[in-house]
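For reference, the structure discussed in these notes is given below.
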Ligand code: IPE
Ligand code: IPE
Ligand code: MG
């Protein structure tokens, strides 16, 4: 628990979103197959979910499979889907015990049926839990999500459920797959790439971004604490001036 003392408990992010990247490179560096990296990456998922519970992070979104990842070689895609099913089967008891509540965002219907069944069961079995909300982004792409939301809004406007004048930020976010969750304050990407890769484009509008060269299979609790400590040193200004933030000067009203 010692390393947790590096953190200010009054300034913890409520929601952390992670792009778990670098499984393939990590495996290749060890002369192994990319799939080996995905398997090892599961150990990091377990460690980070538990760490979030200990630290007191309420929401953790993990980018596990993007819409674009369907374009990978068939063998890798199949291995990832199989790993997903096996991991949930193996971990479900611990998730229940550790009070983790599971959610899924993304194009659910595009997943193989066996994955859908396993995920639905895991969601059901953890639905009463009150600890960390673990949100798996699967077959997820932010542009898909935004376009889908726009379609649904247009349908509701046409059928008279909403009026066009009612469409604002609050209404729009109700149509996103993340409508139940607050926006992430911190987004972490492992493995050295400095890009968003179609992840939570709307929700990350004001997130603090943290990039580390550590590959996902090596990313563990101390790395997470380092990322949160770094986040806590930042001044989140939301368009205001530093002086306003520090002294609470009221904003200009026109
Ligand atoms: C992230 O690791 C896992 C998934 C995208 C499923 P990668 O598989 O992207 O690993 P690299 O980036 O090729 O090293
Ligand atoms: C993003 O990683 C998706 C996941 C981590 C699941 P990628 O490795 O697929 O991203 P790009 O394509 O290199 O940007
Ligand atoms: Mg990658």
If one computes the Cα centroid of region 1-77 and of region 136-155, what distance in Å separates the two points? 23 Å
Take the eigenvalues of the Cα gyration tensor for region 92-147, scale each by 5, and report the square roots as semi-axes in whole Å, largest first. 23, 14, 7
What order do you get for 33-43, 240-250, 166-176 when each peptide is scored by the mean count of other beta carbon atoms within 10 Å, highest first? 33-43, 166-176, 240-250
Gain in span if fully extended, residue 114 to residue 90, counting 0.36 nm per residue against the direct Cα distance: 7.1 nm
Could you work out which residue, out of 153, 19, 92, moves most in a Gaussian network model of the chain, that is, has the largest mean-square fluctuation with Cα springs under 10 Å? 153
Which of the three applies to region 52-161, rounded, prolate or oblate, going by the alpha-carbon gyration tensor with a ≥ b ≥ c and a/c under 1.5 meaning rounded? oblate
FRET efficiency estimate (nearest 0.05) - Cβ-Cβ, residue 226 to residue 29, R0 22 angstrom: 0.50
Mind listing the Cα extents of region 17-233 along all three principal axes, in Å, largest one first? 58, 44, 34
Virtual paramagnetic centre 7 Å along Cα→Cβ of residue 72, amide N under 14 Å, in region 203-238: 216-217
Choose one answer from 94, 21, 107: the residue with the largest mean-square fluctuation in a GNM of the chain with alpha-carbon springs under 10 Å. 94
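All of the numbers you see were taken from the coordinates with simple rules; none came from a lab. Quantities reported herein were computed from a predicted structural model and do not represent experimental measurements. Here the Cβ is made from the backbone with ideal geometry for all residues, glycine too, and neighbour counts use every protein chain on show.
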